[in-house]
Structure formats: C-alpha cells, structure tokens
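Below is one structure, written out as structure tokens; the observations come after it.
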Amino acid sequence: MLFASLVFAHSPTPFTYSSELPNLEVGDLVAAPLRGKVLNGIVIAISETPPKFSVKPIAKIVRKKVLADFQIEAARFIREYYSAHAGKVLKLFIPQRVWKNEPLKRKAKKSEIKIIKQPKKKLTPDQAEVLKKILETESWKLPALLHGITGSGKTEIYLRAILEVLQSGKQAILLVPEIALTPQLVGYFAASIPKNEIAVLHSNLSEGEKLNSWEQIHSNEVKLVIGSRSALFAPARKLGIIILDEEHEWNYKNDQTPRYHARAVAFELAKIIGAKLILGSATPSLETYFAAQNGRLELLELPERVNRSKLPEVRIVDLRNEMKRENFSPFSELLQAKIREKLERKEQIILLLNKRGFSSAVVCRDCGFVLSCENCSLPLTFHRALNRCVCHGCGYFEIPPASCPNCHSATIRFLGTGTQKIESELPKLFPGARILRADRDTTSLRGSHQKIYEEFRERRADILIGTQIVAKGLDLPNVSLVGVLLADIGLHLPDFRAGEKIFSLLTQVAGRCGRGEKVGEVVIQTYSPEHPALQNARNHDYKKFFREEIAERKNSFWPPFSKVVKFIFVDEIERNAKQNAENFAQKLKESGEKQVWTAPALIAKLNGKFHFHVIWKGGDPRKLLAKITLPEKVRVDVDPVNLC
C-alpha cells in the first residue's frame, strides 16, 4: 500500500490518503473523499511509510500526469519560499477545466496571429558575440543578463536563441511584462516560426482558450509559449529556454496570493529542468545587475543601437521657472515649441503622464474639502467621458457635485492633470493635430492596445498620450519627440525603490524615440531637476545610477544586501488592524529579530478595510517563516516590489 499527499484546489495544506491503485504517480489528478464530498486533487508526493493516523483511500485516478515532476518541484518552491496557499499555487499550473476534468463541448477559437513581416536582419558584431555566448553556455549553470540599451536589438537575439533551441527538439517560454505587448511580439516571431507552433498564455484569455493552449503545449504540439507572467507555468515538458524580456518590470511580481515573482520562479524552473535562462533589459533591476557583477549571472552587453543611431538628446525643464513666468499650462514653453516643430515636419510625438482620468482630484478652494471615496482613503478622479468621479481603488463613483458637500461653496474645482485632460488641452494649442490616448481606460477591451499601436505606427495620428504603457516595447521609427509631463509622480514615495522605478521609466520612454533615421529628442518636466534619477536618465547613464544607488542600498541594508518581508494586516476597524500589526511586530522582536517596524499602508483604507504593514529586513525569509506562527488571515509578501 502507498500513501499519497494530495492538494485540493481550496486546501492551504496537503492531505494524506492511502492507495492500492496501480501506476499511481506524482502529478496525477485523482478523486478522493473530503468532508463528505469526492473532490479532485493533485498527488504531490508518494511514500511507503504509513502516517501515525488513520487515512481514507483515494477513489480513482482521473487523469495521468497532469503535472510533470519539475512543475511539482517548482510549486513546492513557491509554496515554501512565499509561504503560499498550496491549492492556489497548483492552480497557477492547471486550468480550471483540467482540474475539474471538464472537456470543452466545442473547441475555443484560437486568437488570430498577425504576422509582422521583417526583412532578413544581419546581426551586428555585438549581437553576434552575445548570441555566440548564449548558445555556448551550458544550460542553466550560468543564467545570462542581456543588458542592451533601447533599440540595441535584444528581440532579435531572443528570436535567434529560441530558433536554435527549437531545432534541437525542445520548447521555449518568452515572457513579457504587459499582456498588451504580446500581439506585437507574437507577430514578430510568427514571421520565423509556424503559427500553429506558437501559443499565447495570459490571464485575459477565456477558460476555453486557456484549455486549448494548455492541451497543445502539454502534448508538445506547441513549441513556443509567449505571454505574461502566467505563461511561466505552461506545461512545456521539453523546456529548453526561458526568456524574461524587460526583467526589471514590477509587473512580474504577482500582487495577489500567491505573491510570487516570475523572475525568481524562472530561476528555479531553469535550474530544475536544466534550461537556459536569459534576463533582458535596458535598465536591469539593481538586484539582477548586482548578481551579474558578482558572477552569479553572465553579463552580456549591447551598448549601441542596431542602426548606429544616437540615443536621444534629453533636456530637463524646471517647472518652478515656468510658474515664475506665469505659464500654468501642462506644457512648458520648450515642450510647446518642440511639439510645433515636430508637427510641422510630419514627425510623431509621445507624451507620458503617469495618471489616468481628467483631473487628479475634486477640491473646494474655500474650505479645502477633497471629494474622496467612502470605502477607501483615496481621492476620487474625474473622468470626463463618463462624467463621473471614480475611485481607482474599488470602482466606487459619484456624479461631480455642483457645490462643495462640506461648506456648500460653488468654488469646487477639478485640480491636477490626467491623460484625459491633456487630450482635451492639446487641440487648443495645436489645432488639427491627430491625437490618440493609451491608458487603462482606452486599452481595457481586448485588442484595443494593438489597435492604437497599429494606428499610430501607420501614422494615422500625430500625438500619442499615455501612462506607463507607452514606455514599453513600442517600435515606432517616426517618433522623434518624447515629452514627460511630470516626472515627479512616484519619485518621492516612501519606498527605497522609488528612484529606481522613475529612472527605469524615463529611460524606457526616452528609448521610444529616435529609432529610425530621425534624431530623437526628450523633454522631461519636473519640480526636482537635480534628483540623481533624473540626471542619470538625462545622460543615459545606467552604470552611474547603479553605482550611486547600490552604495545607498548597502549603507541602509536594503536589497540586494538583505531580504524584505511585508506582513499585511487587514480589518474593517482601523484600531484592530493597527493593534494586530503592533502585536505581531513585538513577537518578532521578542524572537530576536531587530529590523522590524510597523507602518500604515500608503492607501490606508481600501474597499472599506484598513491596511497596516509589518516590515522585516534580514537574511533568508524561509528561516524566519519556519520559526514563527503566522496570525490568522495575515497576508505575507516576500520580496515586495512596493514597500508602502
């Protein structure tokens, strides 16, 4: 008789069952009794040693080898390292219909792949040298960081490396940080790889589409999987290479349980299965670049653009001087002049503002009242198209008031600037300019981002306004000007990564221009012109930024010189959340932990509940989590990308 550990979809920990079924294996989907029902579960371990308690038998094998051994090992890493719910971890790997053993009644329509034809490209000497090193490296033993400036041809390196792996009979996974970027990348690769050998996986697919892709990958029909972080869990049993494009992006960290980081899981997967791992970025995360500097990654560099074009000239505008000149427009005099110049030359412009909506807040100028969400500690944002003031935390909305709800004054105004307001202001300054907007509101529908991208690339618009999404992955040869309307957003947050995030964003968006024959120009508007993140972004100097920032991290004992865990306490009553956090912090200190403190979340109230944090800094978080008993309902975030 054998004894098997099973994980059910809703079980935080495994259960033990007996079995006399022939051919039972780890990774099988089985049916077993639990609390008066027969449920499907996954076998994660098998032993011949009986437990010291009575157990029930497994009823039957539902499906053989739903999960491969390497996936079981990767799931165990996620569960242990991130202190995660066992069932939720396994649900990352298995579509809901597979878990329930529900086949599709009719085949789901596969997403259409639009091939982006490319002329045959000759590698530059730098590219050829980088590719040679990637192909010569023995599997996972030395993962590679491909540090290439914007426009240096990293995507072509990915394609060549993947083609080599596919020719050896293995499979490949290519991750992108944004779902919206997948159509462009899929189209690029489909010019060299048959469309029926490419699958797309991300959270926006229907359950039927997920099942179709999963089955095709599981049966080895599909050779290349492209998608967001969830594509990492594809059942590619002959996996030969994993690539994380824009590895620095914070989207690779899941913000829901299990709070894994795709980069860390990719390292573990590559190690387990013996696959190559490539991390690519123009602005690598400090942790990744530090690891490369210390020999834990092979550092591969592409220091020049493929067409030898120059990086754009970046100018910083001090908005304090604009105020002195009584220029209250969102556009500085320099930026206005540059936009006019580019429009006259029939060149294109990207404007970045990392805020959605029409205005940031609705404020009374008499009493200072701010229209806020009744469920969250967030001001409501006015959306002109909806004529609503909307909470970006929970979705609550109100009709804009005609007078102040507090003092009844008529001087209630929309303050601040959002993408919608910029969109409405531009025609006043630049009549006739054709304008597109790309933010979460305009790209929420499936295919909408790709539609905007194609319209802009085909030069049916002159100006593209957007939030962070316009900084990522766009190849637009006719763009010669980028304007950053307010670089200060996020710069002064109480987070040790604030400067790194802004430097990365500015560098990435600057890289969208000057990719063709036209010389690129960037105008950065700010109230903090001397900030090191902005100065280094102006000079395109990642290495200087790294040296300065890593010294500060070392002095303050922040990653990569330590590990961080954020414990999140949530309660409908504020004092309960605060007290529970303080009690837990005290227990950590009593257990010998010194680097521990409490703080309210930056958004202290969200969806009607208050959030308090306990922050811990130290060594291996697994040792900490093994020695403590976690309070009920506490949320654990290991290696958080947002401290506040």
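The values are calculated or read from the model by the stated rules, or taken from the named source; none is laboratory data. Small disclaimer: the values here were computed from a predicted structure and weren't measured. Counting neighbours? That spans all protein chains shown, and the Cβs are built from the backbone with ideal geometry, glycine included. SASA here: full protein model, heavy atoms, side chains in, ligands and nucleic acids out. Shrake-Rupley method; radii C 1.70, N 1.55, O 1.52, S 1.80 Å.
For the chain, give me every cysteine whose Cβ has no other Cys Cβ within less than 4.7 Å, ordered by residue number.
Cys389, Cys394, Cys513, Cys644
Give me the extension gain from Arg413 to Lys543: residue separation times 0.36 nm, minus the current Cα-Cα distance, reported in nm with one decimal.
On the way: separation 130, 0.36 × 130 = 46.80 nm, distance 4.43 nm.
Result: 42.4 nm gained on full extension.
Could you go through the stretch 423-435 in sequence order and give the Karplus-derived ³J(HN,Hα) for each residue, using 6.51 cos²θ - 1.76 cosθ + 1.60 with θ = phi - 60°, rounded to whole Hz, and x for Gly and Pro?
Working through the residues one at a time gives 4, 7, 7, 4, x, 5, 8, 10, x, x, 5, 8, 10 Hz.
Enter the Cα centre distance for the pair the stretch 510-564 and the stretch 471-500, rounded to the nearest angstrom.
Cα centres, the stretch 510-564 to the stretch 471-500: 10 Å.
Give the carbon-plus-sulfur fraction of the accessible surface of the stretch 530-644 in %, rounded to a whole number; probe 1.4 Å, heavy atoms of protein chains only. Could you put the intermediate results ahead of the total?
Working: 2870 of 6220 Å².
Of the solvent-accessible surface of the stretch 530-644, carbon and sulfur hold 46 percent.
What's the angle, to the nearest 10 degrees (0 to 90), between helix 207-218's Cα axis and the longest principal axis of the chain?
For helix 207-218, the angle is close to 60 degrees.
For every helix of n ≥ 4 consecutive DSSP H residues, a contribution of -39,500 (n - 2.57) applies; sum these over the chain, divide by its total residues, and give [θ] at 222 nm rounded to the nearest 500 deg cm²/dmol. If you can, show how the numbers build up before the last one.
Working: 18 runs with 188 residues, N = 644.
The helix-only estimate for the chain comes to -8500 deg cm²/dmol at 222 nm.
List the pairs from Lys253/Lys627; Lys605/Lys627; Lys253/Lys451; Lys56/Lys91; Lys132/Lys501; Lys121/Lys154 whose alpha-carbon separation is above 20 Å, in the order I gave them.
Values: Lys253/Lys627 25 Å; Lys605/Lys627 31 Å; Lys253/Lys451 27 Å; Lys56/Lys91 24 Å; Lys132/Lys501 32 Å; Lys121/Lys154 13 Å.
Long pairs (Cα-Cα over 20 Å): Lys253/Lys627; Lys605/Lys627; Lys253/Lys451; Lys56/Lys91; Lys132/Lys501.
Does anything in the stretch 607-644 have its amide N under 15 Å from the 7 Å Cα→Cβ label point of Phe561, and if so which residues?
617-619, by backbone N distance to the label point.
Can you give me the distance in nm between label points at Ser203 and Lys428, each placed 7 Å from the Cα along the Cα-to-Cβ direction?
Output for this residue pair reads 3.8 nm.
Quick one: if the Förster radius is 30 Å, what FRET efficiency do Gln118 and Glu517 give, using the C-beta to C-beta distance and rounding to 0.05? Mind dumping the intermediate values first?
Values: r = 18 Å, r/R0 = 0.59.
Rounded to the nearest 0.05, the efficiency is 0.95.
Let me know the charge dipole size of the chain about its Cα centre in debye, to the nearest 20, where only the beta-carbon of Lys, Arg (+1) and Asp, Glu (-1) is charged. The partial results should precede the final answer.
Details: 97 positive and 71 negative charges, 240 e Å.
With Lys and Arg at +1 and Asp and Glu at -1, about 1160 debye.
Given 0.36 nm per residue, what is the gain on full extension from Glu454 to Ser219 after removing their alpha carbon distance, in nm? The partial results should precede the final answer.
Working: separation 235, 0.36 × 235 = 84.60 nm, distance 3.40 nm.
Full extension of this stretch gives 81.2 nm more.
Over the Cα atoms of the chain, Rg to Rh with Kirkwood Rh, two decimal places?
On the way: Rg = 26.2 Å, Rh = 26.9 Å.
Computed over Cα atoms, the ratio is 0.98.
Given Lys100/Lys633; Lys346/Lys518; Lys338/Lys518; Lys100/Lys566, which pairs have Cα atoms separated by over 22 Å? Please list the in-between numbers first.
Details: Lys100/Lys633 27 Å; Lys346/Lys518 11 Å; Lys338/Lys518 14 Å; Lys100/Lys566 34 Å.
Check vs 22 Å cut-off fails for Lys100/Lys633; Lys100/Lys566.
Between Val38 and Ala551, what is the FRET efficiency for a Förster distance of 60 Å, r being their Cβ-Cβ separation, to the nearest 0.05?
Efficiency for this residue pair is about 0.50.
Asp541: net charge of surrounding residues, Cβ under 11 Å, Lys/Arg +1, Asp/Glu -1, itself excluded?
Values: positive: Arg538, Lys543, Lys544, Arg547; negative: Glu548.
Overall, the nearby charge balance is +3.
Average projected area of the Cα convex hull of the stretch 273-329, in nm²?
Numbers: hull surface 32.1 nm².
Dividing the Cα hull surface by four gives the mean projection, 8.0 nm².
Starting from the 7 Å offset along Cα-to-Cβ, what nm value, one decimal, do you get for the label separation of Lys133 and Glu572?
Simple spin-label model gives 5.8 nm for this pair.
Please label the shape of the stretch 217-318 as rounded, prolate or oblate, based on the square roots a ≥ b ≥ c of the eigenvalues of the alpha-carbon gyration tensor (a/c under 1.5 means rounded; beyond that, a/b larger than b/c means prolate, else oblate).
Numbers: a/c = 1.85, a/b = 1.69, b/c = 1.10.
Prolate, since a/c reaches 1.5 and a/b exceeds b/c.
For Leu386 and Asp620, calculate 0.36 nm times their separation in residues minus their Cα-Cα distance, and state this gained length in nm to one decimal.
Values: separation 234, 0.36 × 234 = 84.24 nm, distance 4.84 nm.
Fully extending the segment from Leu386 to Asp620 adds 79.4 nm.
Hey, can you rank 174-180, 561-567 by average C-beta count inside 10 Å, highest first? Let's see the in-between values first.
Numbers: 174-180: 23.1, 561-567: 18.7.
Ranking, from highest mean packing down: 174-180, 561-567.
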